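Data block below; observations after.
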Amino acid sequence: MYKKLLIFIPHIGGGGVEKNFFIITNFLAKKLDNVTVITVNKEFKKKLNKKIKIISPNNSRWKNSSIYIKYIISILLLINTLLSDRNYLVFSFQANWYAIIITKLFGLKIISRSNTAPEGWSTNIIKKISYKMIINFADEIIVNSIEFKKSLKNYFNVNSTCIYNPLNKSKILKLGNVKKEFNFFKGKNSLKILNIGRFTDQKNQLLILKSIEYLKDRIPIKLLIAGRGKNYKSLKKFINEKKLNKNVRLMNFINNPYTYIKLSDVFILSSNYEGLPNVLLETQCFKKIIISTKCPTGPKEILLNGKAGIFFRMNDYKDLSKKIIYVFKNKKKLKSKVKIGYNNLYRFDEKKNLNIYYKLISKYLTYL
């Protein structure tokens with residue numbers, strides 16, 4: 001049994017993993033006396049409870065290094081921390097393989113939170129074999145959707161615990177009420193479409209752009225894509241080459257995306273794989289229409305297999321275009337789907353799911 005909790009998250013960015021990290025960690029700090037975080041990105045310290053101890057490199061220049069460098073630095077910090085104090089239960093949010101190996105070399109227990117469905121990376125045979133060998137050494141594995149839980153069982157014969165992402169509906173709605181002037185979305189006739197996510201192949205925003213190019217002369221349409229990532233230049237190039245600047249706005253990462261969700265008509269998730277996409281839950285808070293791929297894992301669960309949203313075939317921009325036209329013509333008819341999604345958000349209630357985290361973790365903790 002252990003007296004302290006050590007949370008391992010080498011890189012803190014602006015995605016769903018990090019959003020859940022802040023919510024879960026701050027809640028645990030209210031319940032537990034000794035919570036420590038290992039991360040390279042200590043500039044986010046203000047978002048954490050003051051009780052939490054942060055272990056980071058002294059030199060802040062590492063905060064802009066690649067994620068792999070951050071992993072190496074954080075692994076060294078983890079080793080050094082456990083060498084000096086073995087009263088820790090480790091809880092990893094990232095770099096789970098490495099955290100499991102190191103923790104077990106010290107003979108300690110670890111809870112691992114998996115964030116991305118195995119369908120996204122298990123085609124790599126080396127990763128697949130390595131994962132199967134290592135993940136079973138974790139004392140607890142947490143996933144964020146039932147479908148994810150089934151995938152781990154089917155792919156690796158691994159048992160896991162599903163805890164949904166904690167959702168604070170009232171806080172999200174309050175943030176959405178912050179007034180925001182956004183002239184791009186002004187006008188009653190255009191269908192206002194939103195996508196929020198990292199600019200990566202996984203999120204597949206290029207597919208939405210192809211659909212907008214196909215539709216731009218058919219229906220009045222506006223698309224805002226907000227995020228950041230390695231595909232920014234290629235997305236910008238496509239917009240310029242296809243002369244989509246009147247229809248599409250590419251925006252950098254935004255701290256408060258809720259005002260834009262509130263201003264939009266429909267959210268499109270074009271991902272090839274997920275864990276449990278927070279952005280769909282947040283969109284449902286504002287009673288907006290959702291069009292999504294049936295990617296593994298999460299969307300089918302959130303949208304209740306189509307009762308609460310519309311699905312389109314993965315990597316098929318023409319099918320997406322048909323669904324967009326359908327939404328444009330049937331916004332009122334789709335209110336019933338939107339209502340079903342909103343009414344089922346209780347599954348993701350913040351207090352309920354945070355208490356499940358606490359109960360699971362507290363099984364391994366004791367105090368003198």
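The values are calculated or read from the model by the stated rules, or taken from the named source; none is laboratory data. Only a predicted model underlies this, so the values are computations on that prediction, with no experimental measurement involved. So basically every Cβ, Gly included, is an ideal-geometry build from the backbone, and we count neighbours across all protein chains shown. Each accessible area value is taken on the protein alone, full model and side chains, heavy atoms only, with ligands, DNA and RNA left out. Shrake-Rupley method; radii C 1.70, N 1.55, O 1.52, S 1.80 Å.
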Exception for Asp33 within (1) closer than 30 Å to Phe148 by Cα; (2) touching a residue at least 24 places away in the same chain (Cβ under 8 Å); (3) out of contact with any Ser or Thr (no Cβ under 6 Å at 6 or more places or on another chain) falls at (1)
Test Lys222 against the criterion of being touching a Phe, Trp or Tyr at 6+ places or on another chain (Cβ under 8 Å), at pLDDT 95 or above, open to solvent by 30 Å² or more (accessible area, probe 1.4 Å) and not in a loop (DSSP other than H, G, I, E, B), and give yes or no.
yes
Considering each of Tyr164, Tyr155 in turn, give the residue that is of a type in the set (Ser, Thr, Tyr), in contact (Cβ under 8 Å) with a residue 24 or more places away in the chain and closer than 20 Å to Phe286 by Cα.
Tyr164
Which of the following residues is at pLDDT 95 or above and surrounded by fewer than 16 Cβ atoms within 10 Å (Cβ to Cβ): Lys53, Lys46?
Lys53
Exactly one of Leu365, Leu320, Leu360, Leu345 is in contact with a strand residue (DSSP E or B) (Cβ under 7 Å, 6 or more places away or on another chain) and over 30 Å from Cys162 (Cα atoms), and that one is Leu320
Within segment 67-98, residues being among the polar types (S, T, N, Q), open to solvent by less than 50 Å² (accessible area, probe 1.4 Å) and touching a Phe, Trp or Tyr at 6+ places or on another chain (Cβ under 6 Å) number 1
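Condition check ((1) modelled with pLDDT of 95 or more; (2) open to solvent by less than 60 Å² (accessible area, probe 1.4 Å); (3) among the basic types (Lys, Arg)) across all residues:
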{"position": "Leu281", "(1), (2), (3)": "yes, yes, no"}
{"position": "Phe286", "(1), (2), (3)": "yes, yes, no"}
{"position": "Leu303", "(1), (2), (3)": "yes, yes, no"}
{"position": "Leu334", "(1), (2), (3)": "yes, yes, no"}
{"position": "Ile356", "(1), (2), (3)": "yes, no, no"}
{"position": "Leu360", "(1), (2), (3)": "yes, yes, no"}
{"position": "Lys363", "(1), (2), (3)": "no, no, yes"}
Mind listing whichever residues of segment 119-143 are touching a Leu at 6+ places or on another chain (Cβ under 8 Å) and either buried (at least 23 other Cβ atoms within 10 Å of the Cβ) or acidic (Asp, Glu) (or both)?
Glu140, Ile142, Val143
Picked from segment 167-193 (must be surrounded by 14 or more Cβ atoms within 10 Å (Cβ to Cβ) and assigned to a loop (DSSP other than H, G, I, E, B)), the residue nearest to the chain's Cα centre (by Cα) is Asn168
So, in segment 258-274, exactly how many residues are open to solvent by 20 Å² or more (accessible area, probe 1.4 Å), part of a loop (DSSP other than H, G, I, E, B) and more than 21 Å from Ile212 (Cβ to Cβ)?
1
When segment 193-221 is examined, which residues are found to be out of contact with any helix residue (DSSP H, G or I) (no Cβ under 6 Å at 6 or more places or on another chain) and either more than 18 Å from Pro277 (Cα to Cα) or basic (Lys, Arg) (or both)?
Arg198, Lys203, Leu206, Ile212, Glu213, Lys216, Asp217, Arg218, Pro220
Condition first: in contact with a Phe, Trp or Tyr (Cβ under 8 Å, 6 or more places away or on another chain), open to solvent by less than 70 Å² (accessible area, probe 1.4 Å), free of Cβ contacts under 8 Å to residues at least 60 places away in the same chain and in a loop (DSSP other than H, G, I, E, B). Can you find one or more residues in segment 239-246 that meet it?
yes
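Conditions (1) out of contact with any Gly (no Cβ under 7 Å at 6 or more places or on another chain); (2) modelled with pLDDT under 90; (3) part of a helix (DSSP H, G or I), marked per residue:
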residue: Gln94; (1), (2), (3): yes, no, no
residue: Ile101; (1), (2), (3): yes, no, yes
residue: Ile111; (1), (2), (3): yes, no, no
residue: Thr116; (1), (2), (3): no, yes, no
residue: Ser122; (1), (2), (3): yes, yes, no
residue: Lys132; (1), (2), (3): yes, yes, yes
residue: Lys153; (1), (2), (3): yes, no, yes
Taking the condition buried (at least 21 other Cβ atoms within 10 Å of the Cβ), touching a residue at least 40 places away in the same chain (Cβ under 8 Å) and of a type outside the set (Gly, Ala, Ser), does Ile196 pass?
yes
Restricting attention to helices (runs of 4 or more DSSP H) lying wholly within segment 281-368, give those where 1 or more residues are free of Cβ contacts under 8 Å to residues at least 12 places away in the same chain.
317-329, 335-343, 350-362
